[in-house]
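The next block holds one structure in the form of structure tokens; read it before the comments.
Computed from the coordinates by the stated procedures, all read-outs in this text should not be read as laboratory data. Predicted model, so just to flag it, every value in this text is computed and none were measured. Note that we place each Cβ from the backbone using ideal geometry, even for glycine, and neighbour counts take in every protein chain shown.
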Amino acid sequence: MCGIVGYVGERDCTEVLLNALSKLEYRGYDSAGIAVFEEGKISVQKAKGELKNLRNKLEEDHKPEGHCGIGHTRWATHGEPSDINSHPHGSKRVSIVHNGIIENYKDIKKFLIGKGYSFVSETDTETVAKLLDYYYNGDPVDAIIKTLSDIRGAYALGIIFKDFPNKIFAVRKDSPLIIGVGDEENFIASDVPAILQYTRKYYLLEENEIATIMEDRVEFCDIHKQEIIKEVNISDLDMDAAEKGGYEHFMLKEIHEQPTAVKTTIAPRIVEGMPNLSECGITEETLKNYRKVFIVACGTAMHAGMVGKYVIERLARCEVTVDIASEFRYRNPIVTPQDLVIVVSQSGETADTKAALHLAHEKGAKVLAIVNVKGSSIAREADMVIYTHAGPEISVASTKAFSVQMAVMYLLAFEMAYAKGEISKERCMELTKKLSDIPELIEKTMECADKCQYVASKLITASSLLYIGRGLDYTLSMEGSLKLKEISYIHSESYAAGELKHGTISLVTDEMPVISVATQEDLLEKMVSNIEEVKSRGAYTITVCKENMEFSEGIMDEIIEVPAVEDVLMPMVTVVPLQLIAYYTTVLKGLNVDKPRNLAKSVTVE
Ligand code: AGP
């Protein structure tokens with residue numbers, strides 16, 4: 001996902017922009033650039049590749065000296081990663097940085113070419129810059145308003161006009177952008193970590209509000225140029241949280257943060273031993289009346305939804321459908337105003353998940369968002385929000401966000417089950433107590449790290465693996481498979497263990513390790529049979545199971561035991577070895593754990 005920064009104040013603008021961009025690198029990018037006012041002109045420098053390439057170019061070529069400017073890290077959507085396609089884009093009079101996608105840029109480009117404009121890049125962003133130039137007649141806000149009326153799509157824009165060397169203009173729709181408030185200095189940024197080194201104060205920019213950022217103040221207006229007065233927010237994010245805290249990688253840090261993340265997420269939602277989500281606008285009355293629940297998300301968040309399905313259906317006896325967001329939005333789902341649609345998203349900016357939210361609203365359903373990033377688009381557009389308190393998740397591979405998403409699913413399931421009379425208050429309190437004890441069990445599960453590292457050493461030469469499980473363990477096998485694939489680049493596939501014999505077992509040889517998740521006691525006998533099936537075909541078998549389980553000798557090459565808790569809660573501890581296996585395999589392969597190739601932390605485009 002692209003990163004936007006901007007600065008106006010007394011500091012060395014170029015340094016501020018580069019520092020701020022470095023705090024956004026975790027979002028994933030393939031090029032970077034800055035535009036800084038220098039002696040009345042806009043000086044632009046940009047470079048393909050990592051931020052250090054831009055720094056080198058500034059040293060070798062020219063480092064703009066000024067006090068007002070904008071910067072950008074680009075994750076390519078239109079046009080390959082290259083110097084010329086990097087942002088900022090502009091004309092002689094305007095320079096902009098953009099995060100998002102302009103859906104009708106081709107039509108606009110054609111119109112502008114007809115007006116005599118030429119283009120140097122393949123980007124949609126350059127079209128916006130030239131359209132701003134086209135409409136500019138001395139009033140930047142007018143030009144912005146006219147431009148907004150023509151463009152369609154998602155955008156967060158940082159804009160500077162040559163005639164206004166001490167001002168930055170900003171506007172957003174469907175992409176994140178905040179305004180940082182300093183002391184005689186102000187900022188724009190895609191995310192709070194970019195400005196934390198300078199200030200904790202920031203404004204949230206609502207859709208199509210236009211901000212004019214100056215050194216000593218920030219002005220807001222709407223598209224009718226009506227002034228808007230806004231409240232300043234104070235970020236409680238701490239810098240350490242955005243740093244590695246002594247761990248080699250953000251991913252390992254975030255795996256180890258899971259006990260705290262789960263505790264801080266569930267504790268405020270348990271009152272007198274019972275789940276209580278009223279602060280999120282959810283009551284027992286509302287929960288018990290929904291006809292059906294849809295859970296819609298992408299990737300790991302969708303896997304949390306799968307766990308939610310099993311738990312809500314098992315305890316609350318309410319029908320749950322889980323959809324991949326990019327499928328949900330195009331299958332015309334049968335959603336009614338009597339249904340609850342739950343969207344799950346760590347970033348709160350995932351385009352497909354946001355589109356699913358919009359579709360749910362079009363069909364009259366209430367939308368509950370389970371989101372980790374405060375003030376994110378999905379959080380702001382949902383009817384109800386349960387914020388997870390995992391802190392910033394920097395590593396592209398989602399770990400602690402998954403755990404806290406599952407924890408929220410459990411709270412929802414317990415409260416719904418009690419509200420519907422499916423479980424007694426005592427049972428609800430018992431389950432809630434067991435959930436409260438989970439953080440310590442996750443901590444205890446970390447003891448399997450050495451075994452996971454050993455297992456990883458056996459996997460690094462594999463070209464493909466199977467992850468198998470049944471019931472809740474099947475959903476965890478999905479998450480384990482995704483974790484391994486996305487960071488170690490080893491192909492793996494999650495498969496319902498009972499389905500193997502219907503075809504896929506033909507793949508199993510002594511060159512295909514099989515990781516089995518076998519924690520559900522009512523399914524254990526079947527799982528052991530499945531493990532025997534793959535073992536007899538030569539597979540190297542690794543089994544994640546409850547501690548002290550008895551298995552006959554020889555069918556499991558490696559056993560990774562996790563602390564025993566009631567079956568329905570096992571996913572909360574089972575996920576840890578699956579995360580650690582993926583992590584150590586990647587480290588042993590010498591790959592970039594936190595920033596795997598081709599991936600971004602948040603996929604804000606389709
Ligand atoms: C998970 O490790 C991946 N990084 C990815 O699947 C992620 O879960 C997915 O893109 C959804 O992101 P979100 O939770 O921010 O919506």
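What is the helix-to-structure angle for 400-419, meaning the angle in degrees between its Cα long axis and the longest Cα principal axis of the chain, kept from 0 to 90 and rounded to the nearest 10? Tilt of helix 400-419: around 60 degrees. Assuming a ≥ b ≥ c are the square roots of the Cα gyration tensor eigenvalues, decide whether region 111-220 counts as rounded (a/c under 1.5), prolate (otherwise, with a/b larger than b/c) or oblate. Judged from the Cα gyration tensor, region 111-220 comes out prolate (a/c at least 1.5, a/b above b/c). Phi angles across region 119-136 convert, under the Karplus curve 6.51 cos²θ - 1.76 cosθ + 1.60 with θ = phi - 60°, into 3J(HN,Hα) values of 10, 10, 10, 9, 8, 6, 5, 4, 5, 5, 4, 6, 5, 4, 5, 4, 7, 6 Hz, Gly and Pro given as x.
Farthest towards the positive end of the charge dipole of the chain, among the residues 138, 214, 97, is the Cα of 138, using unit charges on the Cβ of Lys, Arg, Asp and Glu.
Summarising the amide proton neighbourhood of residue 294: residues at separation of 5 or more, or on other chains, whose placed amide H is nearer than 5 Å comprise 321, 340, 341, 342. Using only side-chain charges placed at the Cβ, +1 for Lys and Arg and -1 for Asp and Glu, the dipole size of region 1-132 relative to its Cα centre rounds to 400 debye. Ordering of 167-173, 542-548 by packing is 167-173, 542-548, highest average first (other Cβ atoms within 10 Å, averaged per residue).
When the charge dipole of the chain is built from unit charges on Cβ atoms (+1 for Lys and Arg, -1 for Asp and Glu) and taken about the Cα centre, the candidate among 223, 160, 570 whose Cα reaches farthest toward its positive end is 223. Taking the Cα centre of the chain as origin and assigning +1 to Lys and Arg Cβ atoms and -1 to Asp and Glu Cβ atoms, the resulting dipole is close to 1260 debye.
Ordering 271, 192 from the fewest to the most neighbouring beta carbons within 10 Å gives 271, 192.
Once the Cα-Cα distance is subtracted from the 0.36 nm per residue extended length, the residue 504 to residue 314 segment shows a gain of 65.6 nm. Counting neighbouring beta carbons within 10 Å and listing from fewest to most, the residues 237, 523, 21 come out as 237, 523, 21. Dipole size of region 381-462 about its Cα centre, with +1 on Lys/Arg Cβ and -1 on Asp/Glu Cβ: approximately 260 debye, rounded to the nearest 20. Near the amide H of residue 562, within less than 5 Å, lie the amide hydrogens of 545, 546, 547, all on another chain or at least 5 residues away, with H placed in the peptide plane. Counting Lys and Arg as +1 and Asp and Glu as -1 over every other residue whose Cβ lies under 11 Å from the Cβ of residue 97, the net charge comes to +2. A prolate overall shape is assigned to the chain, the ratio a/c of its alpha-carbon gyration tensor axes (a ≥ b ≥ c) being 1.5 or greater and a/b exceeding b/c. A simple rule links phi to the HN-Hα coupling: the Karplus curve 6.51 cos²θ - 1.76 cosθ + 1.60 with θ = phi - 60°, which for region 585-591 gives 4, 5, 4, 5, 7, x, 9 Hz, with x for Gly and Pro.
Residues whose amide H lies under 5 Å from that of residue 605, counting only those 5 or more places away or on a different chain, are 351; hydrogens are built 1.01 Å from N in the peptide plane. Given axes a ≥ b ≥ c from the Cα gyration tensor, I'd like to know whether region 480-538 is rounded (a/c under 1.5), prolate (a/b larger than b/c) or oblate. Note, shape of region 480-538 comes out oblate.
The stretch between residue 238 and residue 283, if pulled fully straight at 0.36 nm per residue, gains 13.0 nm over its current Cα-Cα span. Positive end of the dipole of the chain (Cβ unit charges, origin at the Cα centre): among 24, 258, 519, the Cα lying farthest that way belongs to 24. Counting neighbouring beta carbons within 10 Å and listing from fewest to most, the residues 565, 8, 335 come out as 565, 335, 8. Its DSSP H runs of at least 4 residues, each contributing -39,500 (n - 2.57), put the calculated 222 nm mean residue ellipticity of the chain at -10500 deg cm²/dmol, to the nearest 500.
The Cβ shell under 9 Å around residue 517 holds other residues with a net charge of 0, Lys and Arg each +1, Asp and Glu each -1. When you restrict to C-alpha pairs under 8 Å that are six or more residues apart and normalise by the size of the chain, the relative contact order lands at 12 percent.
In the chain, the DSSP beta bridges split such that about 60 percent are antiparallel, to the nearest 5.
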